[in-house]
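Let me begin by presenting the structure, written as structure tokens, before commenting on it.
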Amino acid sequence: MRRLLAANWKMHLYAEQALTLTQQLRAAWEAPELRTLPGIVFPPALYLRELAMQLAGSSIALGAQNGYPGEFGAFTGEISMAQLAAAGATWVLVGHSERRQYFGENAELLRKKVQDAQARSLSVLYCVGETLAEREAGRTLFRLQTQLQEVLSENIIDWNRLAIAYEPVWAIGTGINATPDQAQEAHAYLRMQLAQLGAPADQIPILYGGSLKPDNAYALFSQPDIDGGLVGGASLSADSFLAIAQAHLQTKPL
Ligand code: 13P
């Protein structure tokens with residue numbers, strides 16, 4: 001099943017706010033229609049254990065925004081994939097542009113993260129996307145191809161535990177979303193490239209991220225290769241995230 005809606009809270013919210021928001025989402029997801037839409041919440045790692053208890057038994061899964069390969073080790077400040085899984089995470093984000101840009105994460109590290117996450121039975125939401133300069137230079141598709149190939153090729157243990165997020169860097173947190181046509185072109189291309197890597201591409205969720213909001217979600221989700229979203233800013237309030245979820249239900253009924 002390709003439908004999926006994810007909330008990336010990034011470095012936002014105090015513990016009480018995170019708990020309240022989680023409770024609101026959990027309650028809303030009890031509605032029969034919403035229960036058919038798999039959700040993921042990516043909170044700051046500090047809150048994972050508590051939120052895992054809050055979300056137990058719901059169709060909202062819990063994910064970590066980052067993780068380090070391995071189980072234990074002398075890596076001050078890091079949290080291992082194994083520790084995340086033990087804390088209740090079932091997903092992890094890898095390759096988010098903020099990790100690539102601000103923390104210098106390169107393809108070699110991302111390959112290790114993807115492989116180790118899957119080895120620890122986590123599902124991976126792997127993020128790709130071009131910068132504005134790359135788009136303007138006509139290099140968008142080449143960039144996406146490179147980001148898939150250098151991290152995923154011959155590195156995937158289980159294709160059933162992989163989803164892709166297309167997040168154009170110029171659209172993240174800017175209020176400027178990719179147009180539905182721009183996003184559809186990228187998503188269709190990503191699906192074709194996944195097939196070339198040997199993936200069951202028509203079963204892999206490809207999510208759009210980048211200033212996804214209630215007022216543009218319907219048009220974006222109406223595109224055939226946009227299976228859902230990875231929502232940043234608009235996931236910090238239950239109202240706007242739920243409005244995006246409703247747009248998903250309207251455009252992609254079961
Ligand atoms: P915004 O929705 O705030 O643009 O963030 C998108 C994003 O980076 C999600 O991972």
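Some notes on this structure:
- Per residue solvent-accessible surface (Å²) - the chain, probe of 1.4 Å: 44 Å²
- Percent accessible area from carbon and sulfur atoms, the chain, protein chains only, probe 1.4 Å: 53 percent
- Kirkwood Rh and Cα Rg combined as Rg/Rh, the chain: 0.93
- FRET efficiency estimate (nearest 0.05) - Cβ-Cβ, Ser58 to Phe142, R0 30 angstrom: 0.15
- Calculated FRET efficiency, Asn155 to Thr179, Cβ-Cβ distance, R0 = 51 Å: about 0.95 to the nearest 0.05.
- Low-density loop cleavage sites - GluC sites (Glu not before Pro) in segment 1-66, where at most 16 other Cβ are within 10 Å (DSSP): Glu30
- Taken about its Cα centre, the chain carries a charge dipole of roughly 220 debye when the Cβ of each Lys and Arg holds +1 and the Cβ of each Asp and Glu holds -1.
- For segment 115-164, the set of GluC sites (Glu not before Pro) satisfying both a DSSP loop assignment and a count of at most 10 other C-beta atoms within 10 Å is given as Glu154.
- Segment Asp202-Glu50, extension gain: residue separation times 0.36 nm, minus the distance between their alpha carbons: 51.2 nm
- DSSP loop chymotrypsin sites (Phe, Trp or Tyr not before Pro) with at most 12 other Cβ within 10 Å: longest gap in the chain: 104-254
- Cα centroid of segment 181-254 to Cα centroid of segment 150-169, whole Å: 16 Å
- All-pairs Cα distance distribution in segment 20-139, expressed in whole percent, bin size 10 Å: 13, 39, 29, 16, 3
- Overall form of segment 44-104 per C-alpha gyration tensor (a/c, 1.5; a/b vs b/c): oblate
The values are calculated or read from the model by the stated rules, or taken from the named source; none is laboratory data. Note that the structure is predicted; figures quoted are calculated from it, not measured. We place every Cβ from the backbone using ideal geometry, glycine too, and count neighbours over all the protein chains shown. To get the accessible areas, we keep the full protein, side chains included, count just its heavy atoms, and leave off ligands, DNA and RNA. Shrake-Rupley method; radii C 1.70, N 1.55, O 1.52, S 1.80 Å.
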